[in-house]
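Here the structure is laid out as C-alpha cells; the discussion comes afterwards.
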Amino acid sequence: MSRDSLNEEAVSEAGLLAIYLPMHTATRLASELIPKLKKLNPEAHFCCYGLYAPMNADYLRLLGVETILGGEFEEGLVHLAERVGAGERRRDGRQEEPTISMARLDFEVPDRSGMLALEKYAHLVMPGDGYRIVGSTEASRGCKHLCRHCPIVPVYNGIFRIVSREVVLEDVKRQVQAGAQHISFGDPDFFNGIRHAAEIIEAFHGSFPKVTYDVTIKIEHLKKYESHLSRLKETGCLFVISAVESVDDAVLGYLDKGHTREDFLHVVRTFREIGLTLHPTFVSFTPWTTLEGYLDLLNLVAMRGLLENVAPIQLGIRLLIPKGSRILELEEIQRIVDEFDAKSLTYPWRNPDPRVDALGEGVQEIAAVAHQRGESRRATFERIWQAAHVAAGQIAPKIAEKTGEGTPGPFLSEPWYCCAEPTTAQLISIGGSKPKQKAIAATVESYF
C-alpha cells in the first residue's frame, strides 16, 4: 500500500480479504485500512495473518476480522481460502484453522508474479557508485532465542524453522532473473541454524557469484561463530545487521539479549579486522534510558567509527511493548506501564525523566526530516549530537576528530526496523488519519 494504490474493484469482488501483518507498522496501517475495506465489501471474509496477527487478535476481531493466523500460517491460509471458495462459513463465528501453528511445512517457491517490479521497492545505496536493485528471501523463520522485547517470542517461543536450500536458491534465481543485484535475507537470525546458513551462502555464491547480499545475526552468534565471518565476506556479504539494542549492560540484562557491551565491542573489532561491515540497530529509548546513557551511546558510535553504519532513526527508536511481550514479566515494567492502548496496540510508558522522552521525540523528528531531505548520516548525527547535549544541559564538543575511520558504505534506502510507528506519509497513503506522535523514518517494504 505504500507502493501502489488500492484496487477497489478487486476488493469489492473478493470473497476473502487477507492482510499480512509481519510487523507493528503493518498492523497499525491495517487498523486504518480494514474499515475502508469493510465499506467496499462488507460480505467478504476478513483474515489477518503473520507475526503480529495473533498478538493483536482481540482488537482485530473488534474491527471485524474473522480469522487470525500466526506462526507457520500458510497451511491454514490455504485451507481458509479453499473453504471460502467452496462457500463454507461457520455460523458460530469461530475459526476452524489454528490461530498459531508450528507445523513443519513443506515450503514452496514463492510466486511473486503479482508484485510490482523490484525497482519499485527499497534499493541498495552504493555511495559513489549509484544503487543496486534489491530482492528479498528467507532461509529460516522464527528464532531460538527469547529476548524479552522481541515480537517473535510470543508466537514462536524459541522455535525456528528452516526453508530448504533448493527453495531458497530457486527463489533467489527468479528474483535475479527479474533484475535483483542484491538479496536481503529476512531471517530473524541467519545463524540460528549455522550448518544450514553455511550451506546456503556457499550455494548462493556458487550460483550467483556477482550478486551481493546482507544478513541479520545476533551479537551472541557473531561472537560464537566468529570463524564463519570471513566466509560471509568472501561470498559477497556486504554488511551484517545486528540488533545490539543497547550498550548499557543493565539494560541488556533487562532485555535478556544474551550479550554484553564488551561482546559488542569485540564484534566491532573483529569486523574491522576482517573488513566486513556491521550495521548495528538499537532500541535507544527505554524506561531505563538516562541522558548520560544516551550520550554514552552517541560517543561510542562516534569513537568506534560506526557513525556511517548506523541509520539515524536507530538513534530514536523507542521500546514498544505489545501484548504478550516477555518484558511484561518484569516488575519494574508492570509498575510503569499504563493500560493497553488498542489504538496504538501497545502498553504506553513514560521515562522517569521527562527530558528523555522529549529528546526521543526530537531525535525521531530530526531523523525523519533528514530522511526526507536525503541528508547524510554524518550531518544528521551531528544534529542529534547537538540535541542530546542541549537536553543534558551541556555544551556539545566537536565530534569530527572522534569519528574514527568510518567511511560511507552500502546501505538500504529505507532502513528496516520492525518495532516502529507508521509514518504520516504511510497513513495518508491508505487514507488513514495522521498519527498523534512525531513522524519517523520509513520502513523497508520487503519484497514478499
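Within the bounds of segment 207-221, is there any residue that is surrounded by fewer than 23 Cβ atoms within 10 Å (Cβ to Cβ), farther than 22 Å from residue 117 by Cβ and in contact with a Ser or Thr (Cβ under 6 Å, 6 or more places away or on another chain)? Checked against the condition, which is being surrounded by fewer than 23 Cβ atoms within 10 Å (Cβ to Cβ), farther than 22 Å from residue 117 by Cβ and in contact with a Ser or Thr (Cβ under 6 Å, 6 or more places away or on another chain), segment 207-221 yields no hits at all. The residue list 30, 81, 86 contains one member that is closer than 22 Å to residue 154 by Cβ and of a type outside the set (Phe, Trp, Tyr), which is 30. When 427, 359, 345, 412 are checked against the criterion of being at pLDDT 95 or above and either touching a Pro at 6+ places or on another chain (Cβ under 7 Å) or surrounded by 14 or more Cβ atoms within 10 Å (Cβ to Cβ) (or both), 359 stands alone in meeting it. Contact map, segment 317-338: residues that are charged (D, E, K, R) paired with residues that are modelled with pLDDT of 90 or more and not in a loop (DSSP other than H, G, I, E, B), Cβ distance under 6 Å, separation 6+ or inter-chain. Pairs shown: 318/285; 318/360; 323/55; 326/153.
If you go through segment 95-107 one residue at a time, do you hit one that is polar (S, T, N, Q), touching a Pro at 6+ places or on another chain (Cβ under 6 Å) and either surrounded by fewer than 23 Cβ atoms within 10 Å (Cβ to Cβ) or not in a loop (DSSP other than H, G, I, E, B) (or both)? Scanning segment 95-107 turns up at least one residue that is polar (S, T, N, Q), touching a Pro at 6+ places or on another chain (Cβ under 6 Å) and either surrounded by fewer than 23 Cβ atoms within 10 Å (Cβ to Cβ) or not in a loop (DSSP other than H, G, I, E, B) (or both). Considering only residues that are assigned to a helix (DSSP H, G or I) and closer than 13 Å to residue 255 by Cβ, which ones fall in segment 287-327? Hits for segment 287-327 are 326, 327. If only residues of segment 43-63 that are among the aromatic types (Phe, Trp, Tyr) and either in a helix (DSSP H, G or I) or assigned by TED's automatic domain parsing to the domain that holds residue 321 (or both) are counted, the one that is surrounded by the most Cβ atoms within 10 Å (Cβ to Cβ) is 52. The residues listed here are 66, 9; of these, the one that is surrounded by fewer than 23 Cβ atoms within 10 Å (Cβ to Cβ) and either without any contact (Cβ under 8 Å) to a residue 24 or more places away in the chain or outside the structural domain of residue 94 (by TED's automatic domain parsing) (or both) is 9. Residues considered: 239, 204. Of these, the only one that is farther than 21 Å from residue 319 by Cβ and in contact (Cβ under 8 Å) with a residue 60 or more places away in the chain is 239. Residue 129 meets the conditions (1) more than 20 Å from residue 112 (Cβ to Cβ); (2) within 22 Å of the chain's Cα centre (by Cα); (3) acidic (Asp, Glu) in every case but one. The failed one is (2).
Residues checked against (1) surrounded by fewer than 21 Cβ atoms within 10 Å (Cβ to Cβ); (2) closer than 27 Å to residue 30 by Cα:
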position: 292; (1), (2): yes, no
position: 309; (1), (2): no, no
position: 316; (1), (2): no, yes
position: 326; (1), (2): yes, yes
position: 355; (1), (2): yes, no
position: 365; (1), (2): yes, yes
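Residue-by-condition table, conditions (1) within 22 Å of residue 152 (Cα to Cα); (2) polar (S, T, N, Q); (3) not assigned by TED's automatic domain parsing to the domain that holds residue 291:
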{"site": "177", "(1), (2), (3)": "no, yes, no"}
{"site": "186", "(1), (2), (3)": "yes, no, no"}
{"site": "197", "(1), (2), (3)": "yes, no, no"}
{"site": "214", "(1), (2), (3)": "yes, no, no"}
{"site": "218", "(1), (2), (3)": "yes, no, no"}
{"site": "249", "(1), (2), (3)": "no, no, no"}
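From the list 88, 32, the one residue that fits, being without any contact (Cβ under 8 Å) to a residue 40 or more places away in the chain and either outside any helix (DSSP H, G or I) or under 29 Å from residue 138 (Cα atoms) (or both), is 88. Set side by side, the residues 269, 231, 261 differ, and just one is in the same structural domain as residue 151 (by TED's automatic domain parsing), basic (Lys, Arg), more than 30 Å from residue 316 (Cβ to Cβ) and modelled with pLDDT of 95 or more, which is 231.
Within segment 151-175, residues that are closer than 14 Å to residue 105 by Cα sit with their Cβ atoms under 6 Å from residues that are crowded, with 20+ Cβ neighbours inside 10 Å and of a type in the set (Ser, Thr, Tyr), at 6+ positions apart or across chains, in these pairs: 160/140; 162/140.
Of the helices (runs of 4 or more DSSP H) lying entirely inside segment 123-208, those carrying at least 3 residues that are out of contact with any Cys (no Cβ under 9 Å at 6 or more places or on another chain) are 165-177, 194-207. Of all residues in segment 12-29, those satisfying the criterion of being assigned to a helix (DSSP H, G or I) and within 15 Å of residue 65 (Cβ to Cβ) are 26, 27, 28, 29.
The values are calculated or read from the model by the stated rules, or taken from the named source; none is laboratory data. It should be emphasised that the depicted structure is a prediction, and the values quoted were computed from it without experimental measurement. Glycine gets a Cβ as well: all are built from the backbone with ideal geometry, and neighbour counts include every protein chain shown.
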